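One structure is given here, and the rest of the page talks about it.
The values are calculated or read from the model by the stated rules, or taken from the named source; none is laboratory data. Remember, predicted model here, so these are calculated numbers, not experimental data. In this analysis, Cβ positions are derived from the backbone assuming ideal geometry, glycine residues included, and neighbour counts consider all displayed protein chains. What goes into the accessible areas is simple: the full protein's heavy atoms, side chains included, and nothing from ligands, DNA or RNA. Shrake-Rupley method; radii C 1.70, N 1.55, O 1.52, S 1.80 Å.
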Amino acid sequence: MNGKNLSLLFLLVLVATVNCLAQETEKQIPANSKIFINSMKDEFEKFLIAAFTAKKVPLEVVFDRDKADFELTGTSESKKASTAKKIIMGSWHSSEQASVTVVNLRSGVAVWAYSVNKSNSNHGKKTTAESCAKHLKEKIESKK
Amino acid sequence: MYHRITFLFLLLAMFGMSGYAQTTPPATPTPSTAQTAPIVDKAAPSELSKDKISPGSKVYIAAINGYESFLTAAFVKKEVPIIVVNAREKADYQITGVSETVQASWAKMLFLGSEQSNELASIVMSNVKTGVVVWGYNVNKSNSWRGKQSSSESCAKHLKARIEGRK
């Protein structure tokens with residue numbers, strides 16, 4: 001193997017490594033990134049902002065999509081306990097489910113997503129929002 | 001005594017007639033020459049494409065009344081080897097579908113002691129360039145422990161199996 005072939009091989013390996021690294025970085029959510037939270041059903045975005053503060057998620061929430069690095073979209077559903085549930089099951093708590101997705105606005109790739117379902121939510125939407133915030137914080141801190 | 005027996009007989013006859021009326025199909029009108037029903041093509045559906053879905057493909061999930069978000073979360077949780085993108089133009093494949101939730105009725109709670117919902121979902125994955133359907137899946141969970149999360153994770157599990165060639 002001559003020197004020319006060796007340099008070509010080295011270059012190829014380098015390109016592949018850089019590509020892999022770029023893909024890995026693309027999936028990360030760096031701390032202190034700017035995030036835009038899109039409006040959701042039943043104003044769940046407000047609960048999410050409050051949960052981010054309560055759980056100390058290291059992200060900056062911005063209200064202008066153009067200034068953001070990431071966008072959070074999702075949905076939330078809430079069902080109050082029916083009379084039957086109150087009488088038969090003896091539970092007054094609502095049933096909550098929510099799902100959120102974080103998308104990198106530059107690449108358009110979904111970098112993180114999470115869904116939560118609480119059949120007897122003690123604090124309604126607050127519980128599901130805080131669950132989302134906790135898991136997002138874990139994702140940021142894991143640096144994966 | 002005879003009055004009571006007659007009354008009971010009458011009641012039974014009423015129930016019987018009511019039951020018969022519910023099970024008897026409505027009389028079909030005689031086809032007229034002016035109104036001819038359209039001929040329905042009953043040919044078997046064409047087979048789904050067996051093309052390999054390569055790992056790392058970019059997938060766009062169309063809006064399914066919020067269910068798309070549950071699907072994305074399920075793909076992350078089940079580690080499905082695809083990349084979800086937010087624009088159709090960037091994608092190799094597109095997922096469309098429908099999802100339905102039926103909450104537990106009081107009868108279900110009383111007789112079965114279950115407050116879990118009934119979840120239905122159906123998703124179809126097609127190649128954006130060719131328009132060929134490459135995969136489809138239906139799920140029905142009559143007692144879904146975690147609502148939409150359960151049905152979406154079932155979809156994700158089966159898509160992963162399809163990509164890995166286990167199905």
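Of all residues in segment B:100-145, which are within 15 Å of the chain's Cα centre (by Cα) and either within 14 Å of chain A (Cβ to nearest Cβ) or modelled with pLDDT under 90 (or both)?
If the condition is that a residue be within 15 Å of the chain's Cα centre (by Cα) and either within 14 Å of chain A (Cβ to nearest Cβ) or modelled with pLDDT under 90 (or both), then B:GLU100, B:THR101, B:VAL102, B:SER117, B:ASN118, B:GLU119, B:ALA121, B:LYS141, B:SER142, B:ASN143, B:SER144 are the ones that fit.
Would it be correct to say that B:SER150 is at the interface with chain A (Cβ under 9 Å from one of its Cβ atoms), of a type outside the set (A, V, I, L, M), touching a Lys or Arg at 6+ places or on another chain (Cβ under 6 Å) and free of Cβ contacts under 8 Å to residues at least 60 places away in the same chain? Outline the logic, then answer.
Numbers: at the interface with chain A (Cβ under 9 Å from one of its Cβ atoms): yes; of a type outside the set (A, V, I, L, M): yes; touching a Lys or Arg at 6+ places or on another chain (Cβ under 6 Å): yes; free of Cβ contacts under 8 Å to residues at least 60 places away in the same chain: yes.
Considered against the rule, which asks whether it is at the interface with chain A (Cβ under 9 Å from one of its Cβ atoms), of a type outside the set (A, V, I, L, M), touching a Lys or Arg at 6+ places or on another chain (Cβ under 6 Å) and free of Cβ contacts under 8 Å to residues at least 60 places away in the same chain, B:SER150 comes out as yes.
Please find, within segment A:68-84, the residue that is farthest from the other protein chains (Cβ to nearest Cβ) out of those that are assigned to a strand (DSSP E or B) and open to solvent by 20 Å² or more (accessible area, probe 1.4 Å).
From segment A:68-84, those assigned to a strand (DSSP E or B) are A:70-79; that's our starting set.
Within this subset, residues satisfying the condition of being open to solvent by 20 Å² or more (accessible area, probe 1.4 Å) are A:73-74, A:77-79.
On the way: A:THR73: 7, A:GLY74: 5, A:GLU77: 7, A:SER78: 12, A:LYS79: 7 Å.
For segment A:68-84, the residue satisfying everything is A:SER78.
Might you let me know whether segment B:71-85 holds any residue that is more than 8 Å from chain A (Cβ to nearest Cβ) and within 18 Å of the chain's Cα centre (by Cα)?
yes
Provide a single number: the residues in segment B:59-82 that are out of contact with any helix residue (DSSP H, G or I) (no Cβ under 9 Å at 6 or more places or on another chain) and either assigned to a strand (DSSP E or B) or more than 14 Å from A:THR101 (Cα to Cα) (or both).
1
Based on what the data block shows, is A:SER94 buried (at least 17 other Cβ atoms within 10 Å of the Cβ), within 8 Å of another protein chain (Cβ to nearest Cβ), modelled with pLDDT under 95 and in contact with a helix residue (DSSP H, G or I) (Cβ under 9 Å, 6 or more places away or on another chain)?
Details: buried (at least 17 other Cβ atoms within 10 Å of the Cβ): yes; within 8 Å of another protein chain (Cβ to nearest Cβ): no; modelled with pLDDT under 95: yes; in contact with a helix residue (DSSP H, G or I) (Cβ under 9 Å, 6 or more places away or on another chain): yes.
So A:SER94 does not fit the description; no.
Which of the residues that make up segment A:39-67 are within 23 Å of B:GLY147 (Cβ to Cβ) and open to solvent by less than 40 Å² (accessible area, probe 1.4 Å)?
A:MET40, A:PHE44, A:GLU45, A:LEU48, A:ALA51, listed by residue number.
What tally of residues in segment B:100-142 results from selecting those that are assigned to a loop (DSSP other than H, G, I, E, B), open to solvent by 40 Å² or more (accessible area, probe 1.4 Å) and free of Cβ contacts under 8 Å to residues at least 60 places away in the same chain?
Qualifying residue count for the region: 7.
Are any residues in segment A:111-144 assigned to a helix (DSSP H, G or I), open to solvent by 60 Å² or more (accessible area, probe 1.4 Å) and among the basic types (Lys, Arg), and if so, which ones?
Correct list: A:LYS126, A:LYS134.
Would you mention how many residues in segment A:51-67 are in contact with a helix residue (DSSP H, G or I) (Cβ under 7 Å, 6 or more places away or on another chain) and not in a loop (DSSP other than H, G, I, E, B)?
5
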